[in-house]
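The values are calculated or read from the model by the stated rules, or taken from the named source; none is laboratory data. This is a predicted model, so every value here is computed, not measured. Cβ atoms come from the backbone with ideal geometry, glycine included; neighbour counts cover every protein chain shown. Remember, those area values only see protein heavy atoms, side chains included, never the ligands or the DNA or RNA. Shrake-Rupley method; radii C 1.70, N 1.55, O 1.52, S 1.80 Å.
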Amino acid sequence: MDASTMPPPPPTKRSCSASLPPPADAVSASTDVLIQIFYLLPFKSLCRFKSVSKHWLSLISDLNFPPTSLLPSALFLDRRTPHHNDLPLVEFLSLADQNPTKPSPDQNPGNFIPDPLGLQIASSCNGLFCCITFLSCQSDRTYYMYNPTTKQFKKLPKPGRGGVSEPFVCGTDLAFNPSKSRHYKIVCVRYLDKELEPRPSKPKLGFESKPKLGFEWYRAEVYSSELGDWVLSGEPFVASLNTCFNGGVFWKGCIHWSNSDDRGKESLCFDIDQGVVREVKMSLVGGKESYEKRNVSYFGESQGHLHLIEIYDQKRAKFDVYEMEMDCSGWFVKYLVDLDSIPIVIEEMNLEYNFVPLLVVQGDIDEESFLVLLINGKVIRYDFEGKTFKKLCDFGPGKQYNGYYVDGFLRYGYWYDDEGS
(Lines give C-alpha, C1' and ligand atoms only; values in the text may rest on other atoms or scores of the structure.)
Protein backbone atom coordinates (compact mmCIF):
# COMPACT_ATOMS: atom_id res chain seq x y z
CA MET A 1 0.00 0.00 0.00
CA ASP A 2 1.53 3.30 -1.09
CA ALA A 3 1.14 6.61 0.61
CA SER A 4 -1.62 7.73 -1.74
CA THR A 5 -3.92 4.90 -0.67
CA MET A 6 -3.21 4.91 3.07
CA PRO A 7 -6.11 5.99 5.31
CA PRO A 8 -5.69 9.28 7.16
CA PRO A 9 -4.42 9.03 10.72
CA PRO A 10 -7.02 9.15 13.53
CA PRO A 11 -7.67 12.62 14.97
CA THR A 12 -5.75 13.46 18.08
CA LYS A 13 -7.55 14.40 21.29
CA ARG A 14 -7.49 18.08 22.11
CA SER A 15 -8.61 19.93 25.16
CA CYS A 16 -11.98 21.65 25.20
CA SER A 17 -10.37 25.08 25.11
CA ALA A 18 -8.07 24.08 22.23
CA SER A 19 -11.07 23.00 20.12
CA LEU A 20 -12.75 26.39 20.45
CA PRO A 21 -12.37 28.92 17.66
CA PRO A 22 -10.12 31.83 18.62
CA PRO A 23 -12.93 34.32 19.52
CA ALA A 24 -14.73 31.80 21.75
CA ASP A 25 -11.43 30.79 23.29
CA ALA A 26 -10.73 34.41 24.15
CA VAL A 27 -14.17 34.86 25.74
CA SER A 28 -13.85 31.72 27.87
CA ALA A 29 -10.45 32.88 29.10
CA SER A 30 -11.64 36.36 30.07
CA THR A 31 -13.30 36.55 33.47
CA ASP A 32 -14.52 40.10 32.88
CA VAL A 33 -16.22 39.18 29.60
CA LEU A 34 -17.86 36.10 31.15
CA ILE A 35 -19.27 38.17 34.02
CA GLN A 36 -20.78 40.67 31.57
CA ILE A 37 -22.40 37.82 29.65
CA PHE A 38 -23.72 36.21 32.85
CA TYR A 39 -25.43 39.47 33.84
CA LEU A 40 -27.48 39.27 30.65
CA LEU A 41 -28.67 35.69 31.12
CA PRO A 42 -31.92 34.55 32.79
CA PHE A 43 -31.76 32.82 36.13
CA LYS A 44 -32.54 29.35 34.79
CA SER A 45 -29.63 29.50 32.35
CA LEU A 46 -27.26 30.57 35.11
CA CYS A 47 -28.35 27.58 37.19
CA ARG A 48 -27.49 25.23 34.32
CA PHE A 49 -24.17 26.94 33.55
CA LYS A 50 -22.97 26.39 37.10
CA SER A 51 -22.25 22.78 36.13
CA VAL A 52 -19.94 23.69 33.21
CA SER A 53 -16.84 24.05 35.37
CA LYS A 54 -15.68 24.95 38.84
CA HIS A 55 -14.55 28.31 37.49
CA TRP A 56 -18.01 29.13 36.13
CA LEU A 57 -19.63 27.91 39.34
CA SER A 58 -17.45 30.27 41.36
CA LEU A 59 -18.14 33.24 39.07
CA ILE A 60 -21.91 32.77 39.01
CA SER A 61 -22.14 32.16 42.76
CA ASP A 62 -20.29 35.41 43.51
CA LEU A 63 -22.37 37.60 41.21
CA ASN A 64 -24.10 40.60 42.74
CA PHE A 65 -26.84 41.36 40.29
CA PRO A 66 -27.91 44.95 39.66
CA PRO A 67 -31.56 45.82 40.33
CA THR A 68 -33.87 44.42 37.67
CA SER A 69 -37.58 44.37 37.05
CA LEU A 70 -39.06 41.50 39.07
CA LEU A 71 -42.55 40.68 37.90
CA PRO A 72 -44.03 37.40 39.20
CA SER A 73 -44.76 34.87 36.49
CA ALA A 74 -46.81 32.48 38.62
CA LEU A 75 -48.77 32.03 41.82
CA PHE A 76 -48.58 29.14 44.26
CA LEU A 77 -51.90 28.73 46.04
CA ASP A 78 -51.86 26.72 49.25
CA ARG A 79 -55.35 25.23 49.22
CA ARG A 80 -56.82 23.73 52.38
CA THR A 81 -60.07 22.69 53.94
CA PRO A 82 -61.37 23.43 57.46
CA HIS A 83 -60.52 19.86 58.43
CA HIS A 84 -57.23 20.01 60.31
CA ASN A 85 -55.90 16.63 59.15
CA ASP A 86 -56.42 17.31 55.43
CA LEU A 87 -53.04 17.98 53.83
CA PRO A 88 -52.92 21.28 51.89
CA LEU A 89 -52.91 21.04 48.12
CA VAL A 90 -50.46 23.46 46.51
CA GLU A 91 -51.84 24.72 43.22
CA PHE A 92 -49.53 26.30 40.61
CA LEU A 93 -51.00 29.00 38.41
CA SER A 94 -49.02 30.60 35.59
CA LEU A 95 -49.51 34.33 35.07
CA ALA A 96 -47.42 34.36 31.90
CA ASP A 97 -49.42 31.73 30.01
CA GLN A 98 -51.75 33.34 27.49
CA ASN A 99 -54.07 30.33 27.60
CA PRO A 100 -53.80 29.03 31.16
CA THR A 101 -55.36 25.77 32.16
CA LYS A 102 -55.67 24.11 35.52
CA PRO A 103 -52.43 24.32 37.51
CA SER A 104 -49.76 21.70 37.05
CA PRO A 105 -48.91 19.45 40.03
CA ASP A 106 -45.31 19.27 38.77
CA GLN A 107 -44.48 22.42 40.77
CA ASN A 108 -45.91 21.19 44.08
CA PRO A 109 -43.16 21.42 46.74
CA GLY A 110 -44.58 18.25 48.31
CA ASN A 111 -43.54 16.31 45.21
CA PHE A 112 -39.89 17.24 45.73
CA ILE A 113 -39.58 17.41 49.52
CA PRO A 114 -40.23 13.92 50.92
CA ASP A 115 -41.80 14.58 54.29
CA PRO A 116 -44.67 12.33 55.50
CA LEU A 117 -46.10 15.16 57.61
CA GLY A 118 -46.95 17.21 54.53
CA LEU A 119 -45.88 20.76 53.79
CA GLN A 120 -47.33 24.22 53.92
CA ILE A 121 -45.85 27.44 52.55
CA ALA A 122 -44.87 29.62 55.49
CA SER A 123 -43.42 32.49 53.48
CA SER A 124 -42.22 33.43 50.00
CA CYS A 125 -39.94 36.18 48.73
CA ASN A 126 -38.63 36.86 45.24
CA GLY A 127 -38.90 33.28 44.03
CA LEU A 128 -37.82 31.36 47.15
CA PHE A 129 -40.15 29.54 49.55
CA CYS A 130 -39.82 28.73 53.22
CA CYS A 131 -41.93 25.64 53.95
CA ILE A 132 -42.82 23.98 57.24
CA THR A 133 -44.33 20.62 58.08
CA PHE A 134 -48.10 20.63 58.32
CA LEU A 135 -49.07 17.70 60.56
CA SER A 136 -46.68 18.49 63.41
CA CYS A 137 -47.02 20.22 66.74
CA GLN A 138 -46.12 23.87 66.89
CA SER A 139 -42.80 23.38 68.68
CA ASP A 140 -41.65 20.43 66.56
CA ARG A 141 -41.95 21.69 62.99
CA THR A 142 -39.36 20.93 60.35
CA TYR A 143 -38.25 23.86 58.20
CA TYR A 144 -37.28 23.68 54.52
CA MET A 145 -36.11 26.13 51.88
CA TYR A 146 -37.44 25.36 48.38
CA ASN A 147 -36.49 26.83 45.01
CA PRO A 148 -39.28 26.08 42.48
CA THR A 149 -37.06 27.09 39.54
CA THR A 150 -34.39 24.49 40.24
CA LYS A 151 -36.70 22.20 42.28
CA GLN A 152 -33.99 22.02 44.94
CA PHE A 153 -34.67 22.05 48.65
CA LYS A 154 -32.68 22.27 51.87
CA LYS A 155 -33.63 21.15 55.35
CA LEU A 156 -32.95 23.84 57.93
CA PRO A 157 -32.10 23.60 61.62
CA LYS A 158 -34.94 24.40 63.96
CA PRO A 159 -35.10 27.77 65.73
CA GLY A 160 -34.71 27.89 69.48
CA ARG A 161 -31.69 29.82 70.67
CA GLY A 162 -31.05 31.37 74.05
CA GLY A 163 -31.71 28.09 75.85
CA VAL A 164 -35.25 27.74 74.48
CA SER A 165 -35.51 24.23 73.08
CA GLU A 166 -39.23 24.28 72.22
CA PRO A 167 -40.11 27.79 71.05
CA PHE A 168 -43.71 28.76 70.35
CA VAL A 169 -43.31 30.35 66.91
CA CYS A 170 -45.78 33.09 65.98
CA GLY A 171 -44.52 33.74 62.47
CA THR A 172 -41.82 32.87 59.96
CA ASP A 173 -40.96 35.45 57.30
CA LEU A 174 -38.45 35.22 54.44
CA ALA A 175 -36.16 38.02 53.23
CA PHE A 176 -34.38 37.60 49.90
CA ASN A 177 -33.12 40.27 47.50
CA PRO A 178 -31.32 38.65 44.53
CA SER A 179 -30.26 42.07 43.23
CA LYS A 180 -27.99 42.50 46.26
CA SER A 181 -26.99 39.03 47.40
CA ARG A 182 -27.50 35.36 46.68
CA HIS A 183 -28.00 34.78 50.41
CA TYR A 184 -31.35 34.90 52.20
CA LYS A 185 -32.51 35.36 55.77
CA ILE A 186 -35.52 34.08 57.70
CA VAL A 187 -37.04 35.99 60.61
CA CYS A 188 -38.73 33.83 63.22
CA VAL A 189 -40.85 35.62 65.83
CA ARG A 190 -41.65 33.62 68.94
CA TYR A 191 -43.13 34.24 72.34
CA LEU A 192 -40.63 35.21 74.99
CA ASP A 193 -40.14 32.25 77.32
CA LYS A 194 -41.09 33.61 80.75
CA GLU A 195 -39.16 30.94 82.63
CA LEU A 196 -35.92 30.98 80.65
CA GLU A 197 -35.69 34.56 79.36
CA PRO A 198 -35.95 37.60 81.64
CA ARG A 199 -38.08 40.49 80.50
CA PRO A 200 -36.52 43.95 80.19
CA SER A 201 -37.55 46.35 82.93
CA LYS A 202 -39.16 48.75 80.44
CA PRO A 203 -40.52 47.88 77.03
CA LYS A 204 -39.39 50.04 74.14
CA LEU A 205 -41.35 51.66 71.31
CA GLY A 206 -43.47 53.75 73.66
CA PHE A 207 -45.57 50.86 74.92
CA GLU A 208 -45.29 52.05 78.54
CA SER A 209 -48.56 53.97 78.21
CA LYS A 210 -50.49 51.12 76.60
CA PRO A 211 -52.53 48.63 78.60
CA LYS A 212 -51.09 45.20 79.16
CA LEU A 213 -54.28 43.55 78.04
CA GLY A 214 -53.96 42.48 74.42
CA PHE A 215 -50.15 42.83 74.29
CA GLU A 216 -47.41 40.24 74.71
CA TRP A 217 -43.62 39.89 74.82
CA TYR A 218 -41.83 38.47 71.75
CA ARG A 219 -38.31 37.59 70.64
CA ALA A 220 -36.84 37.45 67.13
CA GLU A 221 -34.42 34.86 65.79
CA VAL A 222 -32.81 35.16 62.36
CA TYR A 223 -31.54 32.36 60.15
CA SER A 224 -28.82 33.33 57.67
CA SER A 225 -28.05 31.11 54.68
CA GLU A 226 -24.53 32.51 54.76
CA LEU A 227 -23.97 31.40 58.36
CA GLY A 228 -26.21 28.31 58.18
CA ASP A 229 -27.76 28.75 61.63
CA TRP A 230 -30.18 30.74 63.77
CA VAL A 231 -29.07 33.58 66.04
CA LEU A 232 -30.94 35.77 68.50
CA SER A 233 -31.46 39.23 67.03
CA GLY A 234 -32.18 42.39 68.95
CA GLU A 235 -33.91 42.73 72.29
CA PRO A 236 -37.28 41.31 73.40
CA PHE A 237 -40.15 43.56 72.40
CA VAL A 238 -43.83 44.08 73.14
CA ALA A 239 -46.44 43.89 70.41
CA SER A 240 -50.18 43.56 70.02
CA LEU A 241 -51.64 40.09 69.91
CA ASN A 242 -53.31 41.22 66.66
CA THR A 243 -49.96 41.65 64.88
CA CYS A 244 -49.81 39.41 61.81
CA PHE A 245 -46.34 37.94 62.32
CA ASN A 246 -47.22 35.09 59.97
CA GLY A 247 -47.82 37.42 57.02
CA GLY A 248 -44.75 39.64 57.04
CA VAL A 249 -43.64 41.46 53.90
CA PHE A 250 -39.99 42.17 53.04
CA TRP A 251 -39.60 45.82 51.96
CA LYS A 252 -36.62 48.17 52.09
CA GLY A 253 -34.50 45.88 54.25
CA CYS A 254 -37.23 45.28 56.83
CA ILE A 255 -39.95 42.74 57.52
CA HIS A 256 -43.22 44.69 57.81
CA TRP A 257 -46.17 43.30 59.78
CA SER A 258 -49.75 44.49 59.50
CA ASN A 259 -52.25 44.23 62.33
CA SER A 260 -55.97 44.25 62.98
CA ASP A 261 -55.88 46.78 65.81
CA ASP A 262 -58.00 49.90 65.95
CA ARG A 263 -57.71 51.86 62.74
CA GLY A 264 -55.06 54.56 62.83
CA LYS A 265 -52.73 52.72 65.25
CA GLU A 266 -49.12 51.72 64.56
CA SER A 267 -47.83 48.59 62.92
CA LEU A 268 -44.32 47.19 63.34
CA CYS A 269 -41.33 46.46 61.15
CA PHE A 270 -38.11 44.59 61.90
CA ASP A 271 -34.81 45.88 60.52
CA ILE A 272 -33.03 42.65 59.67
CA ASP A 273 -29.46 43.95 59.53
CA GLN A 274 -29.69 46.02 62.72
CA GLY A 275 -32.02 43.71 64.65
CA VAL A 276 -34.26 46.62 65.65
CA VAL A 277 -38.07 46.72 65.86
CA ARG A 278 -39.64 50.02 64.78
CA GLU A 279 -43.10 51.49 64.68
CA VAL A 280 -44.73 52.34 61.35
CA LYS A 281 -47.73 54.61 61.26
CA MET A 282 -50.92 52.98 59.99
CA SER A 283 -52.79 56.07 58.87
CA LEU A 284 -56.56 56.10 58.74
CA VAL A 285 -57.38 54.76 55.31
CA GLY A 286 -60.67 54.11 53.65
CA GLY A 287 -62.23 57.53 54.07
CA LYS A 288 -64.34 58.52 57.06
CA GLU A 289 -65.77 55.10 57.78
CA SER A 290 -65.52 54.05 61.40
CA TYR A 291 -64.70 50.47 62.33
CA GLU A 292 -63.35 49.08 65.56
CA LYS A 293 -60.83 46.76 63.91
CA ARG A 294 -58.83 46.81 60.72
CA ASN A 295 -59.74 44.33 58.02
CA VAL A 296 -56.56 43.95 56.00
CA SER A 297 -57.48 41.94 52.91
CA TYR A 298 -54.08 42.25 51.23
CA PHE A 299 -50.59 43.30 52.33
CA GLY A 300 -47.73 42.82 49.89
CA GLU A 301 -44.81 44.22 47.91
CA SER A 302 -44.25 44.64 44.19
CA GLN A 303 -41.11 46.06 42.57
CA GLY A 304 -40.11 48.08 45.61
CA HIS A 305 -43.62 49.31 46.45
CA LEU A 306 -45.62 48.31 49.55
CA HIS A 307 -49.37 47.88 49.00
CA LEU A 308 -52.37 47.55 51.30
CA ILE A 309 -56.02 46.72 50.65
CA GLU A 310 -58.69 47.03 53.33
CA ILE A 311 -62.19 45.79 52.54
CA TYR A 312 -65.01 46.34 55.04
CA ASP A 313 -68.03 45.58 52.88
CA GLN A 314 -67.84 42.52 50.64
CA LYS A 315 -71.02 43.60 48.88
CA ARG A 316 -69.27 46.69 47.52
CA ALA A 317 -67.39 46.02 44.30
CA LYS A 318 -65.34 49.20 44.63
CA PHE A 319 -62.27 49.64 46.80
CA ASP A 320 -58.85 51.33 46.84
CA VAL A 321 -55.32 49.97 46.66
CA TYR A 322 -53.01 51.98 48.92
CA GLU A 323 -49.26 52.43 48.65
CA MET A 324 -46.86 53.37 51.42
CA GLU A 325 -44.74 56.49 50.99
CA MET A 326 -41.07 55.67 50.51
CA ASP A 327 -40.21 57.38 53.80
CA CYS A 328 -42.94 55.39 55.63
CA SER A 329 -44.76 58.63 56.48
CA GLY A 330 -48.20 57.39 55.40
CA TRP A 331 -50.40 55.78 52.78
CA PHE A 332 -51.89 57.22 49.60
CA VAL A 333 -54.36 55.84 47.04
CA LYS A 334 -52.44 54.22 44.19
CA TYR A 335 -55.22 52.45 42.29
CA LEU A 336 -59.01 52.64 42.18
CA VAL A 337 -60.71 49.27 41.64
CA ASP A 338 -64.20 49.00 40.20
CA LEU A 339 -65.40 45.43 39.76
CA ASP A 340 -68.89 46.42 38.64
CA SER A 341 -67.83 45.85 35.04
CA ILE A 342 -66.85 42.22 35.65
CA PRO A 343 -69.86 39.94 35.15
CA ILE A 344 -68.14 36.99 36.84
CA VAL A 345 -67.62 38.96 40.05
CA ILE A 346 -71.14 40.39 40.13
CA GLU A 347 -72.70 36.99 39.48
CA GLU A 348 -70.74 35.26 42.22
CA MET A 349 -71.28 38.11 44.69
CA ASN A 350 -75.02 37.76 44.15
CA LEU A 351 -74.56 34.14 45.23
CA GLU A 352 -73.01 35.42 48.49
CA TYR A 353 -69.42 34.56 47.66
CA ASN A 354 -66.69 36.88 48.87
CA PHE A 355 -63.80 37.98 46.70
CA VAL A 356 -60.22 37.71 47.95
CA PRO A 357 -57.36 39.86 46.59
CA LEU A 358 -54.40 37.55 45.95
CA LEU A 359 -51.76 39.72 44.32
CA VAL A 360 -51.04 43.32 43.33
CA VAL A 361 -48.47 43.69 40.57
CA GLN A 362 -47.06 47.16 39.91
CA GLY A 363 -45.49 47.15 36.46
CA ASP A 364 -42.84 49.44 35.01
CA ILE A 365 -45.68 51.43 33.44
CA ASP A 366 -49.30 51.78 34.52
CA GLU A 367 -50.52 49.64 31.62
CA GLU A 368 -48.59 46.67 33.06
CA SER A 369 -50.07 46.89 36.56
CA PHE A 370 -52.83 44.50 37.57
CA LEU A 371 -54.68 42.79 40.42
CA VAL A 372 -55.29 39.06 40.80
CA LEU A 373 -58.35 38.11 42.85
CA LEU A 374 -60.20 34.93 43.74
CA ILE A 375 -63.95 34.41 43.94
CA ASN A 376 -65.60 31.01 44.29
CA GLY A 377 -62.62 29.16 42.84
CA LYS A 378 -62.27 31.51 39.87
CA VAL A 379 -59.02 33.44 39.53
CA ILE A 380 -59.48 36.80 37.80
CA ARG A 381 -56.88 39.24 36.48
CA TYR A 382 -57.99 42.88 36.60
CA ASP A 383 -55.93 45.54 34.78
CA PHE A 384 -55.91 48.80 36.72
CA GLU A 385 -55.37 51.15 33.78
CA GLY A 386 -57.85 49.72 31.27
CA LYS A 387 -60.25 48.36 33.91
CA THR A 388 -60.47 45.16 31.89
CA PHE A 389 -60.46 41.61 33.20
CA LYS A 390 -59.52 38.09 32.20
CA LYS A 391 -60.34 34.77 33.83
CA LEU A 392 -57.06 33.01 34.46
CA CYS A 393 -58.31 29.75 35.90
CA ASP A 394 -61.33 28.01 37.40
CA PHE A 395 -60.60 25.61 40.22
CA GLY A 396 -64.24 24.76 40.66
CA PRO A 397 -66.79 26.06 43.17
CA GLY A 398 -66.02 26.52 46.81
CA LYS A 399 -67.15 23.93 49.29
CA GLN A 400 -69.77 24.44 51.96
CA TYR A 401 -68.85 23.83 55.59
CA ASN A 402 -71.30 24.50 58.44
CA GLY A 403 -73.45 26.64 56.17
CA TYR A 404 -70.55 28.78 54.89
CA TYR A 405 -68.81 28.68 51.53
CA VAL A 406 -65.04 28.43 51.78
CA ASP A 407 -62.66 29.05 48.90
CA GLY A 408 -59.85 27.56 50.95
CA PHE A 409 -56.87 29.48 49.57
CA LEU A 410 -55.24 30.57 52.79
CA ARG A 411 -51.72 31.20 51.54
CA TYR A 412 -49.97 32.03 48.35
CA GLY A 413 -46.48 32.63 47.07
CA TYR A 414 -44.94 34.22 44.02
CA TRP A 415 -42.63 32.62 41.47
CA TYR A 416 -40.22 34.73 39.48
CA ASP A 417 -39.15 32.85 36.37
CA ASP A 418 -37.01 35.02 34.10
CA GLU A 419 -37.39 32.70 31.15
CA GLY A 420 -41.16 32.59 31.46
CA SER A 421 -41.79 36.28 31.94
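Take the Cβ-Cβ distance between C47 and D364 as r, set R0 to 35 Å, and report the resulting FRET efficiency rounded to the nearest 0.05.
Approximately 0.90, to the nearest 0.05.
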For region 112-227, the per residue accessible area (1.4 Å probe, Å²) is 48 Å²
For 172-185, 246-259, ranked highest to lowest by mean beta-carbon neighbours within 10 Å, the order is 246-259, 172-185
So, with points 7 Å from each Cα along the Cβ direction, the F332-K252 label distance in nm works out to 1.3 nm
Residues whose modelled amide H sits under 5 Å from the amide H of S123, counting only those 5 or more places away in sequence or on another chain, are C130
Taking placed amide H atoms and a strict 5 Å upper bound, the residues 5 or more places from L192 or on another chain that come that close are W217, Y218, R219
Checking rank on 114-120, 35-41, 187-193, 130-136, with mean other Cβ inside 10 Å and highest first, the result is 187-193, 130-136, 114-120, 35-41
Computed from the beta carbon distance with a Förster radius of 25 Å, FRET efficiency for S341 and S260 to the nearest 0.05 stands at 0.25
XL table K151/K252; K185/K293; K158/K185; K158/K265; K50/K151; K252/K391; Cα-Cα > 22 Å flagged, in table order, is K151/K252; K185/K293; K158/K265; K252/K391
